[in-house]
Amino acid sequence: MSVMIAVAGKGGVGKTTCSALLLRGLLASRIRPLLAVDADPNANLHLLLGFPSPNGLGSIREELLDSSGGAASKGEQLEAMVQQRVIEGKDVDLIAMGRGEGPGCYCFVNDLLRRSLSRLAGGYAAVVVDNEAGMEHLSRRNLRRIDHLVLVADPSPRGISAARAIRDLSAELSLKVGKTWLLLNRPYAAGDAAETPCLPIPLLAVIPHDPSLAAWESASRSFLDLSEESPAAREMAKAVSVLLSGDPR
Ligand SMILES: Nc1ncnc2c1ncn2[C@@H]1O[C@H](COP(=O)(O)OP(=O)(O)OP(=O)(O)O)[C@@H](O)[C@H]1O
Ligand SMILES: [Mg+2]
């Protein structure tokens with residue numbers, strides 16, 4: 001069964017960066033094939049993975065409602081539409097959720113979409129979902145099951161409290177979450193994690209500020225190809241071992 005990893009947190013803390021680094025770390029641990037899911041309507045994960053701009057799943061809703069045919073045929077059409085939107089890479093494929101629900105009742109299509117996404121995910125060793133800031137996709141239960149909910153935070157009290165709020169909401173929503181982790185990104189100074197009192201969520205890793213990431217992105221190079229020289233990639237590789245073994249540090 002595929003390992004489902006959802007990355008969430010408040011705006012601008014490094015969710016997309018960490019999602020790309022997680023994918024790279026999984027590949028370094030020989031976990032493949034991987035599916036990258038961009039669940040941010042302003043899709044940008046593809047830019048860090050060297051993929052072209054994706055056509056999101058959101059537009060399927062209207063296309064399917066406009067098409068003729070009964071429930072069974074719509075199910076088949078939807079499978080084909082989802083498949084068409086998968087961008088295939090060497091070891092990593094990408095799919096984007098696109099924009100959210102528009103007006104009108106799309107319950108039937110949303111349910112089909114959810115099921116289709118689960119089926120698609122089943123064909124991969126691991127799936128990494130880069131969420132938009134907040135809980136939109138999580139609260140819509142687009143994922144039936146999350147093995148690892150990785151909450152990215154900066155080490156400020158506000159950053160940590162935002163992570164805690166998402167953790168609490170996921171519990172209130174009774175989402176099927178295996179483990180919830182805190183991923184501290186860009187500590188202000190060495191030792192920040194140790195100095196942050198009583199982290200409310202098990203710490204997965206501390207990802208340092210890494211100036212090479214900006215250079216890599218500017219050159220449109222895939223983060224999947226980052227070398228071990230990148231301090232952020234190195235720390236994320238350790239985090240992946242923890243995820244795969246399930247033991248907190
Ligand atoms: N560890 C890091 N080292 C260096 N730069 C980083 C690091 N983490 C994030 N950044 C930079 O911070 C900025 C925001 O990162 P990113 O886009 O990953 O955040 P995000 O949480 O996905 O934002 P949004 O909420 O808009 O989706 C980017 O310019 C990114 O390059
Ligand atoms: Mg992002």
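The values are calculated or read from the model by the stated rules, or taken from the named source; none is laboratory data. Everything quoted here is computed from the prediction, not taken from an experiment. All Cβ positions, glycine included, derive from the backbone under ideal geometry; neighbour counts span all protein chains shown.
Condition (residue is under 15 Å from residue 127 (Cα atoms), loosely packed, with under 13 Cβ neighbours inside 10 Å and away from ligand 2 (no atom under 16 Å from the Cβ)) applied to the range 39-62: is it met by at least one residue? No. In the set 52, 103, 41, only one residue is under 30 Å from residue 233 (Cβ atoms) and either within 16 Å of ligand 1 (Cβ to nearest atom) or at pLDDT below 90 (or both); that residue is 41.
Filtering the range 117-137 to residues that are modelled with pLDDT under 90 and of a type in the set (Gly, Ala, Ser) leaves 118, 133, 134. Within the range 146-164, residues that are under 24 Å from residue 174 (Cβ atoms) reach partners that are of a type in the set (Gly, Ala, Ser) and assigned to a helix (DSSP H, G or I) with beta carbons closer than 7 Å, at six or more positions or on different chains, in the pairs 149/170; 151/163; 153/159; 153/162; 153/163.
Of the residues making up the range 208-219, just one is within 16 Å of ligand 2 (Cβ to nearest atom) and either in contact with a Gly (Cβ under 7 Å, 6 or more places away or on another chain) or among the acidic types (Asp, Glu) (or both), namely 217.
Check the range 3-19 and report whether any residue there is more than 16 Å from ligand 1 (Cβ to nearest atom) and surrounded by 13 or more Cβ atoms within 10 Å (Cβ to Cβ). Yes, the range 3-19 has at least one match. Being at pLDDT below 90 and farther than 19 Å from residue 6 by Cβ, is that true of even one residue in the range 160-172? Scanning the range 160-172 turns up at least one residue that is at pLDDT below 90 and farther than 19 Å from residue 6 by Cβ.
Residues in the range 117-137 that are more than 13 Å from residue 86 (Cα to Cα), more than 13 Å from ligand 1 (Cβ to nearest atom) and part of a loop (DSSP other than H, G, I, E, B): 122, 125. Of all residues in the range 1-30, exactly one satisfies the criterion of being polar (S, T, N, Q), within 13 Å of ligand 2 (Cβ to nearest atom) and within 19 Å of residue 177 (Cβ to Cβ), namely 19.
Of the candidates 59, 29, the single residue that is more than 16 Å from ligand 1 (Cβ to nearest atom) and at pLDDT below 95 is 59.
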